[in-house]
Amino acid sequence: MVSLSPPVCDFGRPAIDFDLPGVDGKRHSLASARGPKGLLVMFICNHCPYVKAVIHRILRDTRELAALGVGSIAIMSNDPAAYPEDSWQNMERIARELQFPFPYVLDQSQQVAKAYGAVCTPDFFGYNAALELQYRGRLDESRKTTAPENARRDLFEAMQQVALGGKGPAQQTPGIGCSIKWREAS
């Protein structure tokens, strides 16, 4: 397992549209996922210990962000042939068991992850109402283990600021996670 940190926020970079199948049987795009105050695009997977350490906090934060008008979507871009825990069936199971409050979609071609420049799981991209990038940082100080309950909620606070004022914080702490599992070139 390779741990990586994404680059710092490229403020104002426009969100890239997509059309991906969700475990709910529907197709999802920027238009269907966005909220009136913004959008959180998350690259996650099922097997990553960094994601497992924060998944319940992701659920909490996305529910609270929805109340502020920020939509969320989770994209799984890993190669499930190499990582069976990231299979479609396991995506369906996890989304159902944890009652994901956002669409969980499959980027089978990995083109969406490449277009966004996603490098790890989890990797968070927070957009304002105009779909301009305002946050590219960590959820909180968690790593492969969950941070203390009183840890600062970096992502939530940043996206709350985006929802209220349209701009993210100037200072952002990069996230960390497992590298995206790219398909072998054939």
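The values are calculated or read from the model by the stated rules, or taken from the named source; none is laboratory data. Everything numeric here is computed off the predicted structure, so don't read it as measured data. Backbone-built Cβ (ideal geometry, glycine too); neighbour counts: all protein chains shown. With ligands, DNA and RNA removed, areas are computed over all heavy atoms of the protein, side chains included. Shrake-Rupley method; radii C 1.70, N 1.55, O 1.52, S 1.80 Å.
To the nearest 10 square angstrom, how much accessible area does H28 have with a 1.4 angstrom probe?
Roll a 1.4 Å probe over it and H28 shows about 20 Å².
Using a 1.4 Å probe and counting only protein heavy atoms, arrange L30, L4 so the residue with the most accessible area comes first. Mind dumping the intermediate values first?
Numbers: L30 15, L4 65 Å².
Result of the area sort, largest leading: L4, L30.
On full extension of the chain, what length is gained from S3 through K26, given 0.36 nm per residue of separation minus the C-alpha to C-alpha distance?
Values: separation 23, 0.36 × 23 = 8.28 nm, distance 3.22 nm.
Separation in residues times 0.36 nm, less the Cα-Cα distance, equals 5.1 nm.
Rounded, prolate or oblate: which one fits the range 111-156, using the alpha carbon gyration tensor with axes a ≥ b ≥ c (rounded when a/c is under 1.5, else prolate when a/b beats b/c, else oblate)? Numbers along the way, then the final one.
Working: a/c = 4.47, a/b = 1.53, b/c = 2.92.
Here the range 111-156 falls in the oblate category.
How would L155, L164 line up by accessible area, probe 1.4 Å, largest first? Don't jump to the answer; show the numbers that get you there.
On the way: L155 0, L164 140 Å².
Order by accessible area, largest first: L164, L155.
Give me the accessible area of R60, 1.4 Å probe, in Å² rounded to the nearest 10.
In the full protein context, R60 sits at about 70 Å².
Please report, to two decimal places, log10 I(q)/I(0) for the range 39-186 at q = 0.21 Å⁻¹ as given by the Debye formula with identical point scatterers on the Cα atoms and no solvent.
-1.41
Okay, which of the range 19-50 sit inside 20 Å, backbone N to the point 7 Å along the Cα-Cβ direction of R93?
So the set is 22-25, 44-50.
Could you please state how large a percent of the accessible area of the chain is carbon and sulfur, counting protein chains only and using a 1.4 Å probe?
Values: 4420 of 8530 Å².
In the chain, the share of accessible area belonging to carbon and sulfur is 52 percent.
What residue among D154, D24, D61 shows peak mean-square fluctuation when the chain is described by a Gaussian network model with Cα springs under 10 Å?
Comparing D154, D24, D61 in the GNM, the peak value goes to D24.
Under the definition of Cα pairs under 8 Å and six or more residues apart, what whole-number percent is the relative contact order of the chain?
On the way: 411 pairs, mean separation 62.7, N = 186.
Worked out over the chain, it gives 34 percent.
Restricting to DSSP H runs of at least four residues, report the calculated mean residue ellipticity at 222 nm for the chain, -39500 (n - 2.57) per run over all residues, nearest 500 deg cm²/dmol. Before the final figure, lay out each step's value.
Numbers: 5 runs with 52 residues, N = 186.
About -8500 deg cm²/dmol.
With only Lys, Arg, Asp and Glu charged, each at its Cβ (+1 for the first two, -1 for the last two), find how big the charge dipole of the chain is about the Cα centre; round to the nearest 20 debye. Let's see the in-between values first.
Working: 21 positive and 20 negative charges, 43 e Å.
About 200 debye.
Can you list the cysteines of the chain that have no other Cys Cβ under 4.7 Å away?
C9, C45, C120
So with the 1.4 Å probe, I'd like the accessible area per residue for the range 1-139, rounded to whole Å². Please report the intermediate quantities before stating the final value.
Numbers: 5660 Å² over 139 residues.
In whole numbers, the range 1-139 has 41 Å² accessible per residue.
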